[in-house]
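Q: Just dropping this structure here.
The values are calculated or read from the model by the stated rules, or taken from the named source; none is laboratory data. Worth saying up front: this structure is predicted, and the values here are computed from it rather than measured. With ideal geometry, Cβ positions are generated from the backbone for all residues, glycine too; neighbour counts draw on all protein chains shown.
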Amino acid sequence: MFLLVVSLLFAGCAEPPPPLIKISRPCLGTVVEITVADKDKPRQFIYHALEQAFAEIARIENLLSRFKSGSDISRINTDAGKRRTEVSPETITLIEESIFFSRISGGAFDITVHPLLEIWGFDGMHPAEIPSEQQLKLAQEEVDYRNIEINKEEHTVSCAHREMSLDLGGIAKGYAVDRAIAVLREEGIRNALVNAGGDIYALGRRDDDNKWLIGIQHPRQRDRMLSVIELEDRAVATSGDYQRYIEIDNQQYGHIINPRTGIPCTVLPCSITVFAPDCATADALATAIFVLGPDQGLGLIDPIEDVEAIAAGFEQGKLNILLSRGLKGKIGINRE
Ligand code: AMP
Ligand code: MG
């Protein structure tokens, strides 16, 4: 877990903090932890809401994971280059949102990147190895979000080529967090934290006096934090090179691929954290900035209202931190 939720216990406080009710479960390829801080509600009420939120996350996974046979995304991939696939309006909306992030990032974020993930061995089906130039060229020809066709009247999605395939790994976890929060709200919960392996939404507050506190993991020191941030009704997501990687000839390659070069982003940056009003946006932009690099990436989000980012790069043994305009001078950073 690379973002840790920090419980603050103020020594000397007269009142102990109210109890938090928390459930963790493995899903979305990580461990999802949901914490509720509504102290005025009966426990049963809270446990019921938590079950509904986890059921919603399972529904999203069954709809959007390319690993689940029968999901909208697996059916689109099976039908690629052959026929249009009828999918739910929700899937179409998220694919459209993904295409929006592709457009604004000049193609750095691209949900058609899967053929490249495959040839590098990120899917576990192929050996992890440096692909040949020919393999790279062939896979790159299949990667282009502009070859996704959407028909909203018929509720269909299709990929122009047979070898194309979609992977929502860069945005779906954030979306699942947003959906879990929506369900908690519908169930009457006002204060909760959903953490899907570092894709987080903080609803309301931890208690009357304190916002939720989120610790952002130091990208090179497992037991240290880069920063601790207060959040209320806001999302945060981190993309880091230490999260998932393959090793070829003693060199680590992270799971985010630059669609333009076809190569995993191995140089800078090492972790990108994005704050946004919703978690799907934070998730997609963290992946996009990771590909673009800190300078260009922060340039992308500076004009976007209510979105901020921390870019941590590791250069010649030293951590180099860049902050978006709205964070400068406002947060403490451990620069060691
Ligand atoms: P995240 O953990 O949100 O940074 O997303 C990383 C995941 O997104 C990877 O495991 C891939 O499934 C997928 N991915 C990799 N490269 C890209 C890219 N350039 N654009 C969109 N998704 C990507
Ligand atoms: Mg992402």
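Q: Could you say whether any residue in the stretch 125-138 is more than 23 Å from PHE275 (Cβ to Cβ), of a type outside the set (Val, Ile, Thr), at pLDDT 95 or above and in contact with a strand residue (DSSP E or B) (Cβ under 7 Å, 6 or more places away or on another chain)?
A: Checked the stretch 125-138: no residue is more than 23 Å from PHE275 (Cβ to Cβ), of a type outside the set (Val, Ile, Thr), at pLDDT 95 or above and in contact with a strand residue (DSSP E or B) (Cβ under 7 Å, 6 or more places away or on another chain).
Q: Something else now. Would you point out the residue of the stretch 230-268, among those that are modelled with pLDDT of 85 or more and basic (Lys, Arg), that is surrounded by the fewest Cβ atoms within 10 Å (Cβ to Cβ)?
A: ARG260
Q: While we're on this one: Of the residues that make up the stretch 294-303, is at least one outside any helix (DSSP H, G or I) and under 22 Å from ILE200 (Cα atoms)?
A: Within the stretch 294-303, one or more residues are outside any helix (DSSP H, G or I) and under 22 Å from ILE200 (Cα atoms).
Q: Something else about it: Before we move on, is GLY297 buried (at least 24 other Cβ atoms within 10 Å of the Cβ) and within 20 Å of ILE111 (Cα to Cα)?
A: yes
Q: Among the numbered criteria (1) outside any loop (DSSP other than H, G, I, E, B); (2) within 14 Å of ligand 1 (Cβ to nearest atom), which one does THR261 miss?
A: Condition (1) is where THR261 drops out.
Okay, residues lined up against (1) touching a strand residue (DSSP E or B) at 6+ places or on another chain (Cβ under 6 Å); (2) in a loop (DSSP other than H, G, I, E, B); (3) in contact (Cβ under 8 Å) with a residue 60 or more places away in the chain; (4) among the acidic types (Asp, Glu):
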| site | (1), (2), (3), (4) |
| --- | --- |
| LYS39 | no, yes, yes, no |
| GLN44 | no, no, no, no |
| GLN52 | no, no, yes, no |
| PHE67 | no, yes, no, no |
| THR91 | no, no, yes, no |
| ARG103 | no, no, no, no |
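Q: Can I ask one more? Tell me the residue from GLY204, GLY197 that is at positive phi, within 12 Å of ligand 1 (Cβ to nearest atom) and surrounded by fewer than 23 Cβ atoms within 10 Å (Cβ to Cβ), please.
A: GLY197
Q: I need a count of the residues in the stretch 145-166 that are buried (at least 18 other Cβ atoms within 10 Å of the Cβ) and over 14 Å from ASN77 (Cα atoms).
A: Residues meeting the conditions: 0.
Q: If a residue has to be β-branched (Val, Ile, Thr), assigned to a strand (DSSP E or B) and out of contact with any Asp or Glu (no Cβ under 8 Å at 6 or more places or on another chain) to count, how many in the stretch 264-285 make the cut?
A: Residues that pass the stated criteria total 2.
Q: Output the number of the condition that VAL113 fails; it satisfies all remaining conditions of (1) over 29 Å from GLY297 (Cβ atoms); (2) within 14 Å of ligand 1 (Cβ to nearest atom).
A: (1) is the only condition that VAL113 fails.
Q: Please go through the stretch 251-260 and pick out each residue that is over 14 Å from THR112 (Cα atoms) and either away from ligand 2 (no atom under 15 Å from the Cβ) or without any contact (Cβ under 8 Å) to a residue 12 or more places away in the chain (or both).
A: GLN251, GLN252, TYR253
Q: A further question follows. In the stretch 310-319, how many are touching a strand residue (DSSP E or B) at 6+ places or on another chain (Cβ under 7 Å) and more than 17 Å from VAL291 (Cα to Cα)?
A: Counting residues in the stretch 310-319 that are touching a strand residue (DSSP E or B) at 6+ places or on another chain (Cβ under 7 Å) and more than 17 Å from VAL291 (Cα to Cα) gives 1.
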